[in-house]
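The values are calculated or read from the model by the stated rules, or taken from the named source; none is laboratory data. Please read these numbers as outputs of a predicted model, since none were measured by experiment. Using ideal geometry, Cβ is built from the backbone for each residue, glycine included, and neighbour counts are taken over all protein chains shown. Only protein heavy atoms, including side chains, enter the accessible area calculation; ligands, DNA and RNA are left aside. Shrake-Rupley method; radii C 1.70, N 1.55, O 1.52, S 1.80 Å.
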Amino acid sequence: MPLAEIIGALAAFLTTASFLPQAIKVVRTRETHAISLVMYAMFTGGVTLWGIYGVMTMQWSIIIANAITVVLAAIILAMKVRAVMAARTSRSS
């Protein structure tokens, strides 16, 4: 395996693994108050585009890492959207 692929695979592993503790905490606690909706929407969009780029260029480390991250980010984003909607509903009642 070429050095560039090893570095890419290691980078993909580390960035995906670094996201796991936050994702696990949010899923377990259901606490999204401190998370920015705009940031998570942009992040999820960016990760999705990175995944598409990986598919277009057939770079498996990018495809796999971003597929995992986009699932986790989308779950957190959905939880944040749900919390924002619930807060708006309770304020208008």
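Tabulated values for the structure
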read-out: Whole-percent carbon and sulfur share, accessible surface of the chain, 1.4 Å; value: 73 percent
read-out: Cβ-Cβ FRET estimate between MET1 and ALA74, R0 fixed at 41 Å, reported to 0.05; value: 0.85
read-out: Value of relative contact order over the chain, rounded to a whole percent, pairs C-alpha under 8 Å and six or more apart; value: 37 percent
read-out: Cleavage-rule hits (trypsin sites (Lys or Arg not before Pro)) in the stretch 1-72: DSSP loop, at most 15 neighbouring Cβ within 10 angstrom; value: ARG30
read-out: FRET E, pair LEU14, TYR53, Förster distance 25 Å, beta-carbon r, rounded to 0.05; value: 0.85
read-out: Two-site label geometry, ILE24 and ILE64: point separation in nm, points 7 Å out along Cα→Cβ; value: 2.0 nm
read-out: Cα-projected label distance for ARG91 with MET39, points at 7 Å along beta-carbon direction, nm; value: 1.9 nm
read-out: Probe 1.4 Å, accessible area per residue of the chain, Å²; value: 70 Å²
read-out: Accessible area, probe 1.4 Å, largest first, for residues SER61, SER90; value: SER90, SER61
